[in-house]
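Engineer: Let me give you the structure first, and then I'll get to my questions.
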Amino acid sequence: MDVEIPQIVELIYHGMVTGPDPRLWPEHMRDDPVRAHGLWSFYSGLCMGLQLGAGCMRES
């Protein structure tokens, strides 16, 4: 697969994705930091996407 990630995605990623922080993870996942941080990153991205979508709907 030869997919190029747009530069804006990389800029948003570096601005939004935090380093691993166990305080943000569910208690039951703290012994699996890779999955816990992945879940937190996914959740953060989903929230941001919903906020962007809602903001765009207000502009219409």
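The values are calculated or read from the model by the stated rules, or taken from the named source; none is laboratory data. Keep in mind the model is a prediction, meaning the values are calculated, not measured. Positions of Cβ are backbone-derived with ideal geometry, glycine not excepted, and every protein chain shown enters the neighbour counts. Side chains included, ligands, DNA and RNA excluded: accessible areas come from the protein's heavy atoms. Shrake-Rupley method; radii C 1.70, N 1.55, O 1.52, S 1.80 Å.
Engineer: When ILE5 is evaluated against the numbered criteria (1) part of a helix (DSSP H, G or I); (2) modelled with pLDDT under 90, which criterion, by number, is the only one it fails?
Structural biologist: The failed condition is (1).
Engineer: For region 1-39: of the residues being charged (D, E, K, R) and open to solvent by less than 80 Å² (accessible area, probe 1.4 Å), which is farthest from LEU52 (Cα to Cα)?
Structural biologist: ASP32
Engineer: Quick one: what pairs do we get from region 29-40, first residue part of a helix (DSSP H, G or I), second of a type in the set (Phe, Trp, Tyr), C-beta under 8 Å, 6+ apart or different chains?
Structural biologist: Correct list of pairs: PRO33/TRP25; ALA36/TRP25; HIS37/TRP25; LEU39/TRP25; TRP40/TRP25.
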